[in-house]
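Below is one structure, written out as C-alpha cells; comments come after it.
The values are calculated or read from the model by the stated rules, or taken from the named source; none is laboratory data. Every value quoted in this text rests on a predicted model; they were computed, and no experiment measured them. Ideal geometry is used to build each Cβ from the backbone, glycine not excepted, and the neighbour counts take in all protein chains shown.
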Amino acid sequence: MIALLLLTLSAIEPHPSSTVAFAQLKYAGGAWNPRPNAIRRLSFEIEKRTSIITTHEATPVAATDARLVDMPFMYWAGDGAMAPLDGAQVAALRRYVKAGGVIFIDCVDEAFEASVKKELLRILPESPLGLIPEEHVLYKSFYLIPAHGGRVLRKPALEGIVQEDRLVVVLSPNDHGGAWSRDDFGRYDFEVEPGGESQREMALRFGINLLMYTLCLDYKEDQVHIPFIMRRRK
Amino acid sequence: MKLLPPGYNDWAFISQSPLNGWVLAVAAVVTLAIVTMSVLAYLRAGRRYLVLGALHVVAALSVLIVVVQPALDLRAVTRIPGRIAFVIDDSQSMAENDGLPKSRAERVNQWLAEHQAELDALKGQNPIEYYTLSGPGRATRAQGPESDLLQALRPPLSSNDKARPLSAVVLVSDGADTEALGQAATAAERKKLAERLAAADVPVNTITVGGKRSADLYISGVIQDPIAFVRNTVKVEVRVEQKGLGAVTVPVSLKREGSLVTQQTARVPESGAAKVQFEIVPAEVGEFVFTVEVPVQPDEAVVENNKREFIVKVVRDKIRALLVSGRPSWDERFLRRSLKLSPNVDLISFFILRTPSDFQPVPQNESSLIPFPTHELFETELHTFDVVVLQNFDYRPYNMAYLLKNLREHVLNKGGALAMFGGESSFGGGAYAQTPLADVLPVEMAAAEMDSRDFQPVLTTAGEKHPVLRLQAASTSRSKAIAALPKLSGVMKVDGLAPGGTALLVHPDLKARDGSPMPVLAVREVGKGRTLAVTTDTLWRWSFADKMRGESGQAYERLIAQMFRWLMRDPEASRLRLVASRDRVRVGESVDYSVRVLGADYQPLPKAPVTLTISEHSRPDTVTSGETAEDGTYSYSYTVQHGGVVRAKAEARLEDDPLEATLLVYGDDADKERAALGSRDDVMGAIADATGGVAQSLDRADPSAWARAKATTTNVDRHQEIALWNTWAALLVVVSVLAVEWWLRRRWGFV
C-alpha cells in the first residue's frame with residue numbers, strides 16, 4: 001500500500017521551469033568559479049532535507065544572458081580581485097535585482113570582497129550594504145541558526161542590501177562555498193576553520209535557509225509561526 | 001373722560017423735570033420738612049406768625065413746582081387682549097389608546113369639541129392660537145418623529161411682545177418627552193430644565209392625556225455600528241426601561257432575520273435603564289436585519305415598543321486568504337509577494353517545506369518547522385477564509401481526503417472561493433478528480449500528465465470581456481496585451497471544462513477531450529461560491545521575465561488582484577450595482593435608488609431592461625420597470641410609508657444572464673418616540689410648576705382654572721404734554737411772597 005502511494009506520488013516529475021535553477025555569474029577578469037562543487041553539493045542537501053526541487057547544477061551565465069529570466073537566484077563567487085563590470089553588465093544586474101532576483105555573493109578572500117563591493121556600489125548606488133541583524137528571518141527560514149558557518153570565519157556577520165523589505169543581495173565574507181564543496185566520492189574539498197564540522201553544518205544550514213528565504217520571503221515571520229519558534233529558542 | 005380734547009382717551013400727571021425721580025423725592029421731603037418745622041414754630045408764636053407761616057408754605061411749594069415742573073399728559077391709547085397659545089402634541093405617541101377605545105389624539109379632539117363653548121368664550125377675551133410640537137398650526141395626525149416639549153414651547157413663548165402679548169400657554173400632551181426633559185433622571189433635574197421656560201414670564205398650563213394602564217416595558221435605545229466587518233466582533237448595546245412596573249428582570253432576545261441568535265437577561269431598575277450588550281461575529285458579507293425584543297408584560301399599555309429592528313451591513317475589511325503551497329517555488333514566491341503587498345488581503349500561508357520522505361538530520365527543536373494543521377485549516381477555521389488557494393499542493397500525504405468535502409461545502413453553501421494553481425501535484429497530478437473538489441473546480445482532470453513546452457496562452461471570447469483579465473486600459477486590445485506577455489512554460493493537462501466552467505485563456509496546441517483548446521485559466525460560479533483554475537505554475541514569468549525585458553510587470557499584479565476581486569464578488573466586479581441615496585430615511589420622506597448595469601465588457605449598458613422591487617412591512621410591493629439611460633443607469637425615487645426595513649431588489653435580464661442585487665434601507669419611524677410611549681404626569685407637572693401654570697389631566701381639565709398673565713396690555717399710540725405751571729410765574733410768586741413777608745415783618749416790628 002505504501003509502495004503504491006509512493007508510486008502514485010512520484011508518477012509525475014516537475015517540469016524544468018518549475019524547479020529552482022541556480023545561476024552562477026560568469027565574468028571576465030577574475031576567478032569566477034573558485035568552488036565548482038559548491039552549488040551541486042548545496043543543491044543535493046536542499047533536495048535531501050527540504051521539499052524544494054532544484055536543477056542540481058549551477059548554470060554559468062553572463063550578467064546579460066537572456067536565460068536569467070528563468071533563474072531569479074544568482075550565485076556570485078570569486079577568489080581574488082575582479083575586474084570592473086562593463087556598463088551593460090551593471091545595468092543587467094540592476095534590472096535583475098529590481099525584477100525580483102536575489103544575488104548571493106560568496107567571497108573566498110578579502111581582495112574579491114573589496115572589488116565586488118565596488119561593483120555593488122555601481123549596481124545599486126542608492127542602497128549600501130549593511131549588516132544583517134541576528135534576528136532576521138534569514139536565520140530562521142528553515143533552521144534556527146545560532147552561529148555562523150563558512151570555510152573560515154573572517155567576519156562575525158553577513159552583509160546585505162534590502163529593497164522594499166526584501167533582501168536582494170546577501171554577501172558572505174566567509175567562503176560558504178568552500179564549506180559546501182564536496183567531491184564525487186563524498187569527501188569535502190576543504191577543511192573548515194576554526195569550528196570544524198559543526199561550522200560546516202552551520203554553513204549548509206545557512207545555504208538551505210538562504211534559498212528558503214528567497215522562495216518564501218518572510219513566511220516564518222507570519223504570526224502563526226512565532227509561538228513555535230519562540231518556544232524552541234528558549 | 002368727555003372733558004378730554006378730541007383724539008385723546010386717557011390722561012395722566014407727569015413731571016417734566018430733567019432731574020431724576022430720587023432727586024425730586026428728596027427735594028420734596030426736604031421742602032415738606034422745612035415747611036412743617038416752620039409752621040409748627042409760627043403756631044407757637046401767635047396769629048400774626050400764622051400769616052408768615054402761610055407765606056413760607058406758598059414760597060416753598062412754588063420752589064417745589066419750579067423743580068418738579070408738573071404737566072398733564074394727554075394720551076390716545078389701545079388696549080390689546082393677551083393671546084392664549086394651545087400647543088397640542090402631534091407626536092406618534094398620541095396615537096396610543098392606552099387600552100381605551102380612542103387614541104390620545106382622538107380624546108384631545110373630543111375634549112376640545114366638548115369644551116367648545118368655554119373656549120369660544122375665552123376667545124372673546126383672548127385670541128387663541130394653535131401650535132403643534134413642530135411649530136404653528138393645528139395637529140392633523142399623530143405622526144411626529146419625536147417629542148421635545150421644551151423646544152415645542154419655545155415658538156409661542158418667544159412670540160410674546162408688546163404688539164402681540166401672550167397671556168398664557170396651554171400644553172396638551174401625554175408628556176412622553178423623548179429629549180432632555182423626558183430623560184432627566186431626577187425630579188430636581190427635570191425642574192431645572194423646566195425653569196428655562198420661566199424667563200418668558202408667561203404661565204404654561206398643562207393638560208396631560210394618558211391612560212389608567214400606564215405600565216410599559218420598552219426598548220429605549222439600540223446603539224450599534226451601522227457597518228460591521230466580517231468575522232470581527234460587533235457590539236450591540238440595548239437599553240431597556242420600564243414605567244409603572246417597578247424593578248423587573250426580563251430576557252432580551254436578539255434575532256437575525258426572525259431566528260433567535262442569543263438571549264441576555266436585563267435587570268431593569270425602579271428608575272433608569274438597564275443596559276445589555278450583545279456581541280455578534282458575522283460570518284458572511286451582506287446586509288442583515290436584526291431584532292431585539294423583550295416580552296410583553298401583563299396589562300402593558302404599549303406593546304409596539306417591546307421590540308426594535310436594526311440593520312447591520314457586514315462588509316469585508318480585507319480578503320482573508322489561505323494559501324497552501326505544496327513546495328516552495330518561484331510561482332509560490334511571486335504569488336505570496338503579490339498578495340502580501342496588497343492592502344486588501346489578509347494572507348495566511350502554509351507551505352510544505354519538508355515532505356515526509358525528506359531526510360531530517362537535526363533535532364526538531366533546531367528547525368523552525370511547525371506541524372501542518374490540516375484539521376484547523378480545513379475544518380474548524382475554514383469558515384474564516386474568503387479564498388482558499390491550493391498551489392501545486394498534493395493533499396494525499398497529509399491524511400486529509402475527508403477534509404476536502406468541507407472545502408466543497410465551503411464553496412457550494414457558504415459562498416467561499418477556491419483557486420487551484422498548477423504544478424505536478426495539482427489537478428490530476430494531485431488526484432483531485434476523485435475528490436469532492438471535482439464537483440466545484442472549473443475543469444475536469446482525470447489526466448495526470450504534464451506538458452513542459454513553452455507556450456503563449458490564447459485569449460478566448462469570454463476572456464475578452466471577463467473582469468479577471470482586465471489587465472490594462474479598456475481601450476487596449478486584450479488579445480494583443482496577452483500575446484505581448486512572456487511565454488509560460490509547462491501545464492498540467494486537464495480533460496476540459498467542467499459543467500458551468502468558462503475558459504478565459506487556453507493552450508495554443510493542447511486540446512481538451514472534446515477537441516476544444518485546453519483551458520489554462522478557467523473560472524466557474526458554482527452554488528454560492530466561485531472557483532478558478534490555473535493549470536500552469538509559471539505565471540510568475542509574467543512578473544519576473546516581463547520586468548527583465550524592461551517592462552512593468554504590472555500585468556501579473558493586476559491579474560492576481562482581479563482574480564481575487566472576482567472570486568470575492570467585489571461589487572466593483574459586479575455588472576449590476578444598486579445604490580440608495582441614504583441608509584436611513586424618515587417615514588414620509590423619499591430615498592433615491594440608482595441601478596447601474598454594465599455590459600459584458602464592463603462598460604455602462606444603455607437600454608438594459610431593469611426591474612426594481614421595493615418591499616415594506618404591511619404594504620404591497622412596489623414594482624417598477626424601465627430601461628437604463630445612456631450612462632447605464634436607471635433611477636427611481638421612492639417615498640417610505642412605514643417604519644422598519646425597506647428592501648429593494650434590482651434585476652436585469654441580459655441575454656438570459658440574470659443579474660440581481662439587493663439593498664436594505666431603514667425607514668425611521670421615530671424610534672425614540674416609539675420607545676417611550678407611556679404618559680408622563682411628572683414632566684407635565686414640572687413645566688406647569690416652573691412657569692406658574694396649572695397642571696390638569698384631560699378628564700378634569702377646566703379652562704376657568706388656567707393661570708393667565710395680564711388679560712390686556714395697553715399701548716400708547718399718541719400723547720401730548722401740557723405744562724401746568726409756568727416757571728417764571730412761579731418764581732415771581734416766590735419773590736412776591738418773600739417781599740410781602742419782609743414788608744409785614746417791618747410793619748409788625750419783627751425786624
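State the number of residues belonging to region B:436-459 that are of a type outside the set (Asp, Glu), more than 49 Å from the chain's Cα centre (by Cα) and farther than 27 Å from A:ASP70 by Cβ.
Number of matching residues: 1.
Among the residues of region A:146-160, is any in a helix (DSSP H, G or I) and either modelled with pLDDT of 90 or more or within 14 Å of chain B (Cβ to nearest Cβ) (or both)? First the steps, then the outcome.
Taking region A:146-160 as the starting set, the residues that turn out to be in a helix (DSSP H, G or I) are none.
No.
Among the strands (runs of 3 or more DSSP E) contained in region B:153-251, which hold 1 or more residues that are touching a residue at least 40 places away in the same chain (Cβ under 8 Å), within 28 Å of B:TRP111 (Cα to Cα) and under 24 Å from the mean Cα position of the chain (by Cα)?
The strands (runs of 3 or more DSSP E) meeting that bar number zero.
Restrict the check to region B:528-548 and report whether at least one residue is surrounded by fewer than 18 Cβ atoms within 10 Å (Cβ to Cβ), away from chain A (no Cβ under 14 Å) and either charged (D, E, K, R) or in contact with a Gly (Cβ under 9 Å, 6 or more places away or on another chain) (or both). Before you say what the answer is, go through the steps one by one.
Step one: list which residues in region B:528-548 are surrounded by fewer than 18 Cβ atoms within 10 Å (Cβ to Cβ), which gives B:528.
Of the ones still in play, those that are also away from chain A (no Cβ under 14 Å) are B:528.
Next, only the ones that are either charged (D, E, K, R) or in contact with a Gly (Cβ under 9 Å, 6 or more places away or on another chain) (or both) stay: B:528.
Within region B:528-548, one or more residues are surrounded by fewer than 18 Cβ atoms within 10 Å (Cβ to Cβ), away from chain A (no Cβ under 14 Å) and either charged (D, E, K, R) or in contact with a Gly (Cβ under 9 Å, 6 or more places away or on another chain) (or both).
So which residues in region B:351-370 are under 55 Å from the mean Cα position of the chain (by Cα) and more than 7 Å from every other protein chain (Cβ to nearest Cβ)?
Going through region B:351-370, the residues under 55 Å from the mean Cα position of the chain (by Cα) turn out to be B:351-353, B:368-370.
B:LEU369 - this is the single residue of region B:351-370 that is under 55 Å from the mean Cα position of the chain (by Cα) and more than 7 Å from every other protein chain (Cβ to nearest Cβ).
How many of the residues making up region B:496-536 are closer than 26 Å to B:GLY415 by Cα and of a type in the set (D, E, K, R)?
Residues in region B:496-536 being closer than 26 Å to B:GLY415 by Cα and of a type in the set (D, E, K, R): 4 in total.
What do you reckon, is B:GLU464 modelled with pLDDT of 90 or more and surrounded by fewer than 21 Cβ atoms within 10 Å (Cβ to Cβ)?
Judged against the criteria, B:GLU464 is not a match.
Counting only residues that are under 14 Å from A:LEU120 (Cβ atoms) and within 14 Å of chain B (Cβ to nearest Cβ), how many does region A:66-88 have?
1
In region B:574-604, which residues are of a type in the set (Ser, Thr, Tyr) and at pLDDT 85 or above? Please lay out each step first, then the result.
Pass one, region B:574-604, residues of a type in the set (Ser, Thr, Tyr): B:574, B:581, B:590, B:593-594, B:602.
If the condition is that a residue be of a type in the set (Ser, Thr, Tyr) and at pLDDT 85 or above, then B:SER581, B:SER590, B:TYR593, B:SER594 are the ones that fit.
Among the numbered conditions (1) within 13 Å of the chain's Cα centre (by Cα); (2) closer than 20 Å to A:CYS107 by Cα, tell me where A:ALA31 comes up short.
For A:ALA31, the exception is condition (1).
Look through B:VAL39, B:VAL23, B:VAL29, B:VAL35 and report the one residue that is surrounded by 15 or more Cβ atoms within 10 Å (Cβ to Cβ), without any contact (Cβ under 8 Å) to a residue 24 or more places away in the chain and assigned to a helix (DSSP H, G or I).
B:VAL39
For region B:45-87, which positions are touching a Phe, Trp or Tyr at 6+ places or on another chain (Cβ under 7 Å) and of a type in the set (Val, Ile, Thr)?
B:ILE65, B:VAL87
Hey, could you check region A:70-94 for residues that are at pLDDT 95 or above, under 19 Å from the mean Cα position of the chain (by Cα) and assigned to a helix (DSSP H, G or I) and say which is surrounded by the most Cβ atoms within 10 Å (Cβ to Cβ)?
A:LEU93
Picking from A:ALA63, A:ALA23, A:ALA11, which residue would you name as being within 14 Å of chain B (Cβ to nearest Cβ), part of a loop (DSSP other than H, G, I, E, B), out of contact with any Pro (no Cβ under 6 Å at 6 or more places or on another chain) and at pLDDT 95 or above? Spell out the reasoning first.
Working: A:ALA23 fails: part of a loop (DSSP other than H, G, I, E, B); A:ALA11 fails: at pLDDT 95 or above.
Of the residues listed, the single one that is within 14 Å of chain B (Cβ to nearest Cβ), part of a loop (DSSP other than H, G, I, E, B), out of contact with any Pro (no Cβ under 6 Å at 6 or more places or on another chain) and at pLDDT 95 or above is A:ALA63.
Please indicate, with yes or no, whether at least one residue in region B:495-508 is β-branched (Val, Ile, Thr), more than 14 Å from every other protein chain (Cβ to nearest Cβ) and closer than 22 Å to B:ALA431 by Cβ.
No, the conditions are met nowhere in region B:495-508.
Is it the case that some residue within region B:691-713 is among the acidic types (Asp, Glu) and either under 41 Å from the mean Cα position of the chain (by Cα) or assigned to a loop (DSSP other than H, G, I, E, B) (or both)?
Looking for residues that are among the acidic types (Asp, Glu) and either under 41 Å from the mean Cα position of the chain (by Cα) or assigned to a loop (DSSP other than H, G, I, E, B) (or both), one finds at least one in region B:691-713, hence yes.
Can you give me the number of residues within region A:26-60 that are part of a strand (DSSP E or B) and more than 14 Å from chain B (Cβ to nearest Cβ)?
Total satisfying the criteria: 6.
Does B:ALA522 satisfy the criteria of being among the small types (Gly, Ala, Ser), within 30 Å of A:LYS98 (Cβ to Cβ) and buried (at least 21 other Cβ atoms within 10 Å of the Cβ)?
Spelling it out, it is not the case that B:ALA522 is among the small types (Gly, Ala, Ser), within 30 Å of A:LYS98 (Cβ to Cβ) and buried (at least 21 other Cβ atoms within 10 Å of the Cβ).
Results for (1) buried (at least 17 other Cβ atoms within 10 Å of the Cβ); (2) outside any helix (DSSP H, G or I), shown as yes or no for each residue.
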{"site": "B:GLN277", "(1), (2)": "no, yes"}
{"site": "B:ALA301", "(1), (2)": "yes, yes"}
{"site": "B:ASN305", "(1), (2)": "yes, no"}
{"site": "B:ILE311", "(1), (2)": "yes, yes"}
{"site": "B:VAL314", "(1), (2)": "yes, yes"}
{"site": "B:ARG320", "(1), (2)": "yes, yes"}
{"site": "B:VAL324", "(1), (2)": "yes, yes"}
{"site": "B:PRO343", "(1), (2)": "no, yes"}
{"site": "B:SER357", "(1), (2)": "no, yes"}
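Any idea how many residues of region B:62-100 are in contact with a strand residue (DSSP E or B) (Cβ under 7 Å, 6 or more places away or on another chain) and either of a type outside the set (A, V, I, L, M) or part of a strand (DSSP E or B) (or both)?
24
Across region B:420-436, what is the total count of residues that are over 10 Å from B:TYR395 (Cα atoms) and either within 10 Å of another protein chain (Cβ to nearest Cβ) or surrounded by 24 or more Cβ atoms within 10 Å (Cβ to Cβ) (or both)?
Number of matching residues: 8.
Only one of these conditions is not met by B:GLY553: (1) farther than 30 Å from A:PHE73 by Cα; (2) in contact with a Ser or Thr (Cβ under 6 Å, 6 or more places away or on another chain); (3) buried (at least 19 other Cβ atoms within 10 Å of the Cβ). Which number is it?
B:GLY553 satisfies every listed condition except (1).
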